[in-house]
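No value in this document is a laboratory result; all are computed from the given coordinates. The shown structure was predicted, so the numbers you read here are calculated from the model rather than taken from an experiment. Cβ atoms come from the backbone with ideal geometry, glycine included; neighbour counts cover every protein chain shown.
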Amino acid sequence: GPTVGVFALQGDVREHLHALDRLGTRALPVRRPEELDRVDGLIVPGGESSTMDKLARIFELREPLRERIAAGMPAFGTCAGMIMLADRLLDGIEGQETLGGIDITVRRNAFGRQVDSFETGLAVDGLDAPVHAVFIRAPWVEEAGARVEVLARVPASAPEHGAAGRIVAVRQGPLMATSFHPEVGNDDRLHRLFVDLVTQS
Ligand code: GLN
């Protein structure tokens, strides 16, 4: 089977490692380019995207990550990880850059303007029953390009969210991202979807 890495310079790395463990998938924390070389796919966890960006530069992981993603390595970003995989970022800190890969514009801390954190049952395309989605100072997807599959939306709770609600889960080829934290709790279906993507590629 494949080896799935977890970007481990910052964020809730352990929760993702546990989810992979429950699925019986070989998992490797990735802090150095040599470790990135050994994985078939990569999860970028929740945490703080601006810190991830800084540390990825300091540890000289940013360019290798960009190269692997551009070369088609499957990747799954959750919350801060979604920000890292987005091509375009709104409300980043001064100088903050993403790795890119998914043709989306994300707005950082987007829900935080109304409410910092919330949990909700969420229908996700490809899963037969809703997930219990935990949002913590979460981004949302403000724009998605034509190649992006929208997997989930949070129903509109305010007029400015638009009638269809905000996009909170996407897929583009071997890249997946969620605004929420599927690594929290014991529901491993989204990790299973990702591991299947890694296995297929
Ligand atoms: N607000 C964080 C960021 O900007 C994301 C929060 C999270 O990952 N729970 O990266």
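Would you mind telling me which residue in Gly95, Gly173, Gly145 has the biggest mean-square fluctuation in a Gaussian network model of the chain, where springs connect alpha carbons within a distance under 10 angstrom? Evaluated over the chain, the most mobile residue of the options is Gly95.
For Arg66 and Leu23, FRET efficiency with R0 = 22 Å and r from the beta-carbon atoms, rounded to 0.05? The formula returns an efficiency of 0.20 here.
Taking θ as phi - 60° and the Karplus parameters 6.51, -1.76 and 1.60, the scalar couplings of region 79-96 work out to 6, 3, x, 4, 4, 4, 8, 7, 6, 9, 10, 10, 6, x, 7, 3, x, 5 Hz in sequence order, x denoting glycine and proline. What the Cβ-Cβ distance of Ile58 and Asp116 gives, at R0 = 25 Å and to the nearest 0.05, is a FRET efficiency of 0.30. Under 5 Å from the amide H of Ala133 lie the amide H atoms of Thr120, Gly121, Leu122, each residue being 5 or more positions distant or on a separate chain, with H modelled from the backbone and absent for Pro and chain starts. Dipole check for region 3-200: with +1 at the C-beta of Lys and Arg, -1 at the C-beta of Asp and Glu, and the Cα centre as origin, the magnitude is about 60 Debye. Close amide-amide hydrogen proximity is noted between Leu151 and Ala169, Val170, Arg171, each under 5 Å apart and 5 or more residues distant or on a separate chain (H modeled in the peptide plane; Pro and chain starts excluded). Each principal axis of the Cα cloud of region 113-153 was evaluated for its coordinate range; sorted largest first, these ranges are 30, 26, 11 Å. When only alpha carbons of region 50-197 are considered, Rg and Dmax amount to 14.7, 43 Å. Note on the chain: helix-only mean residue ellipticity at 222 nm, from DSSP H runs of 4+ residues weighted -39500 (n - 2.57) and normalised by residue number, equals -7000 deg cm²/dmol.
With charges only on Cβ, +1 for K and R and -1 for D and E, what is the dipole size of region 87-201 about its Cα centre, in debye, rounded to 20?
Using only the charged Cβ atoms, the result is roughly 120 debye.
Between the amide H of Gly101 and those of Asp87, distances stay under 5 Å, these residues lying 5 or more places away or on another chain, with hydrogens modeled in the peptide plane.
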